[in-house]
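Step one of this worksheet: look at the structure below.
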Amino acid sequence: MSIEQTIREKLTETFSPEKLDIRNDSHLHSGHESSPGTGESHFHITLVAAKFEGLTRIDRHRLVHQALAHELAGPVHALSIKAMTAEEARER
């Protein structure tokens with residue numbers, strides 16, 4: 001299973017999101033000194049979930065990091081997170 005698929009499954013299981021977009025940005029970092037060159041090391045996620053209601057941005061990011069702890073300790077070098085409630089997403 002790809003890292004992107006693993007991320008999708010873990011976030012879906014943990015947050016039951018109303019919206020989940022995952023963008024693999026690894027190609028933008030190929031050849032950089034710190035890039036592992038795997039093609040699955042840099043991701044951007046947009047996650048809309050009721051679980052974020054009443055939480056600060058930092059607390060939301062902590063929850064995402066907890067859900068993806070194994071991936072962040074290994075194959076994922078960088079993760080950009082946009083974590084919102086449904087109301088916040090509608091306001092955008």
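When DSSP beta bridges are restricted to pairs lying wholly in the chain, around 45% turn out antiparallel. Two decimals is fine: what is log10 I(q)/I(0) at q = 0.11, 0.13 Å⁻¹ for region 3-91, from a Debye sum with one equal scatterer on every Cα and no solvent? At q = 0.11, 0.13 Å⁻¹ the computed log10 ratios are -0.30, -0.42.
Couplings for region 42-53, taken from phi via the Karplus curve 6.51 cos²θ - 1.76 cosθ + 1.60 with θ = phi - 60°, read 10, 9, 10, 10, 10, 10, 10, 8, 5, 4, 8, 4 Hz in order; Gly and Pro are left as x. To the nearest ten degrees, helix 3-15 and the longest principal axis of the Cα atoms of the chain are 20 degrees apart. Computed from Cα atoms, the angle from the helix 57-67 axis to the main principal axis of the chain rounds to 60 degrees. For the chain, excluding the exposed loop sites themselves (GluC sites (Glu not before Pro), DSSP loop, at most 15 other Cβ atoms within 10 Å), the longest remaining stretch covers 54-92. Tell me, what is the percent relative contact order of the chain, built from C-alpha pairs under 8 Å that lie six or more residues apart? Answer for the chain is 33 percent. Taking Lys and Arg as +1 and Asp and Glu as -1, the other residues whose beta-carbon sits under 14 Å from that of Ser16 total 0.
Each value in this text was obtained by applying a stated rule to the coordinates, not by laboratory testing. Predicted model only: the values in this text are computed from it and were never measured. We place every Cβ from the backbone using ideal geometry, glycine too, and count neighbours over all the protein chains shown.
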